[in-house]
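*Asks:* Got a structure here, written out as structure tokens. Questions coming.
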Amino acid sequence: MSSPPGGKASPSLPVGAAAMAADPPPSPTGARSFPEPGAHRSGGLSRVRLSAVGRIPGQRGARAVRAVPSLARRLWPLRRPAVSSAVVALALAGSGVLILHLVQRQTGTAGLLVGLGLALLPLPFVLGSLAWLNQTARVPIRHTLFCLAWGACAATTVAILANGWASDFLIAHRGARGETWGSEFATPLIEEVAKGSALLMLLLPLRRQHGEPARPPGRLRRLRRRLRRRRGAPERPAALFRPAPAGRQRARSRPRTLAAGAVLGGVTASGFAFTENALYLGRAFTADRQARLDAIGLGRTPSLRDFDGTVHTFVLRALLSPFAHPLFTALAGIGLAVTLTTGRRWAARLGAPAGLLLAMGLHGVWNAAAGLGTDGFLLVYGLVMVPCFAALVCFAVWAQTRRTRQPTGPD
């Protein structure tokens, strides 16, 4: 039994009648309004008071429902930037140590060092191109560093373990055909999902889905805003992935948003390609060095042609296709950016799946070209990879042109 505000109980009214008496009068049209459930905190738990207006007919009284503490409250220390950054750094460092151990087991110590040195050569050119595109995207440096570390450490760790398991499973059940399926279907799926997870972890916490209200600022955030206003500091720039206004159903994604998706995906794939190149180049060097030692044992004269396998792998992966992995994941990033920002329903629903499927399909075609011989590889390279890369370059130039035309206006 609850007391009225005056402190006197009302014994003449039963509980159900008192609840119905507190209901607002019905509207003239006969429709009844449903007020928002009130919420208050008590003892660290979230209690929700449900109004009796929306109850089932015939139900007596209103009940107070105590909600289970959300996962965010249970993990409240991880919501602090310093704690979460430390946890992420430790996780990435652990995965980096693990991937170095896995690569060293397959290449040896000498092969690992040579592979890392050769894989480092094309990395500045790829990152420099993405930095040029980042003039339009304006992605924070902490996000790019996270994506680079995720691709080089975490994504490669997941990919090398999952690819090994999937390859063994398919070969055991399908034989030689299973190996082909693994390289053309399983490997693109595993690697693109592993790389795209970094984009999801960066973008989903922003809570930028359509129709979702903005989270009210907390006490600490309100205090920071007040201090910033008193000091006269400028406001923070707008978020990269901001949805279109609700009234503009035909709004299109901004060039800056699309460029940000391409930059995040490309940086993640650059780190992934670096570790993968180190693995393949280290394998080739170890095999060539063993063959050279065997030739010396048989009395043959050593020459530089003994390392043709390493040179062939370097030309194929570092010179002909340094932008292969960035191209694949950039398509997935652009699709995700379209989903998060466009005002068109069909584009929002198809953007991310289409980008991921396109990335996996192009990745599968690239892997299949390796088994077609030199002529088949060059044909696929000229008819598929070069036009796709040219289209990505045209997109980067278009985004940069839009930025220079409107330096002060919104993108």
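*Asks:* Between a first residue in segment 334-363 that is in contact (Cβ under 8 Å) with a residue 60 or more places away in the chain and over 16 Å from ALA391 (Cβ atoms) and a second residue that is of a type in the set (Asp, Glu) and open to solvent by less than 60 Å² (accessible area, probe 1.4 Å), which pairs have beta carbons less than 6 Å apart while being 6 or more apart in sequence or on different chains?
*Replies:* Pairs that qualify, where the first residue is in contact (Cβ under 8 Å) with a residue 60 or more places away in the chain and over 16 Å from ALA391 (Cβ atoms) and the partner is of a type in the set (Asp, Glu) and open to solvent by less than 60 Å² (accessible area, probe 1.4 Å), are MET360/GLU192.
*Asks:* For segment 271-288, does any single residue satisfy the condition of being without any contact (Cβ under 8 Å) to a residue 24 or more places away in the chain and either touching an Asp or Glu at 6+ places or on another chain (Cβ under 7 Å) or open to solvent by less than 20 Å² (accessible area, probe 1.4 Å) (or both)?
*Replies:* We begin by selecting, within segment 271-288, every residue without any contact (Cβ under 8 Å) to a residue 24 or more places away in the chain; these are 287-288.
Then drop every residue that is not either touching an Asp or Glu at 6+ places or on another chain (Cβ under 7 Å) or open to solvent by less than 20 Å² (accessible area, probe 1.4 Å) (or both), which leaves 288.
Yes, segment 271-288 contains at least one residue that is without any contact (Cβ under 8 Å) to a residue 24 or more places away in the chain and either touching an Asp or Glu at 6+ places or on another chain (Cβ under 7 Å) or open to solvent by less than 20 Å² (accessible area, probe 1.4 Å) (or both).
Let's see how each residue does on (1) within 26 Å of VAL267 (Cα to Cα); (2) assigned to a helix (DSSP H, G or I); (3) open to solvent by 70 Å² or more (accessible area, probe 1.4 Å):
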position: ILE296; (1), (2), (3): no, yes, yes
position: ARG300; (1), (2), (3): no, no, yes
position: ASP306; (1), (2), (3): no, yes, no
position: VAL311; (1), (2), (3): yes, yes, yes
position: LEU327; (1), (2), (3): yes, yes, no
position: ALA347; (1), (2), (3): yes, yes, no
position: ALA359; (1), (2), (3): yes, yes, no
position: GLY364; (1), (2), (3): yes, yes, no
position: ASN367; (1), (2), (3): yes, yes, no
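*Asks:* All but one of (1) farther than 24 Å from GLY94 by Cα; (2) in contact (Cβ under 8 Å) with a residue 60 or more places away in the chain; (3) open to solvent by less than 80 Å² (accessible area, probe 1.4 Å); (4) not β-branched (Val, Ile, Thr) hold for SER167, so report the exception by its number.
*Replies:* Single failed check for SER167: (2).
*Asks:* Just need a number here: residues in segment 371-411 that are over 24 Å from GLY261 (Cα atoms) and at pLDDT below 85. Explain how you work it out, then say what you get.
*Replies:* Going residue by residue through segment 371-411, those that are over 24 Å from GLY261 (Cα atoms) are 371-383.
With at pLDDT below 85 added as a condition, the list becomes 371, 373-374.
Final tally of qualifying residues: 3.
*Asks:* Further question: Whether any residue in segment 128-137 is aliphatic (A, V, I, L, M), in contact (Cβ under 8 Å) with a residue 40 or more places away in the chain and not in a helix (DSSP H, G or I) is what I want to check. Write out each step before concluding.
*Replies:* As a first pass, look at segment 128-137 and keep what is aliphatic (A, V, I, L, M): 130-131, 133, 137.
Going one step further and asking which of them are in contact (Cβ under 8 Å) with a residue 40 or more places away in the chain, we end up with 130, 133, 137.
Now restrict to residues that are not in a helix (DSSP H, G or I): none.
Looking through segment 128-137, none of the residues is aliphatic (A, V, I, L, M), in contact (Cβ under 8 Å) with a residue 40 or more places away in the chain and not in a helix (DSSP H, G or I).
*Asks:* Under 7 Å between Cβ atoms, at least 6 apart or on separate chains: pull out the pairs that start in segment 289-302 with a residue that is without any contact (Cβ under 8 Å) to a residue 24 or more places away in the chain and end on any residue that is among the β-branched types (Val, Ile, Thr) and surrounded by 11 or more Cβ atoms within 10 Å (Cβ to Cβ).
*Replies:* PRO302/ILE296
The values are calculated or read from the model by the stated rules, or taken from the named source; none is laboratory data. Fair warning: this is a prediction, and the values are worked out from it, not measured in the lab. No Cβ is skipped: glycine too gets one built from the backbone with ideal geometry, and neighbour counts run over all protein chains shown. Keep in mind that these areas ignore ligands, DNA and RNA; they rest on the heavy atoms of the full protein, side chains included. Shrake-Rupley method; radii C 1.70, N 1.55, O 1.52, S 1.80 Å.
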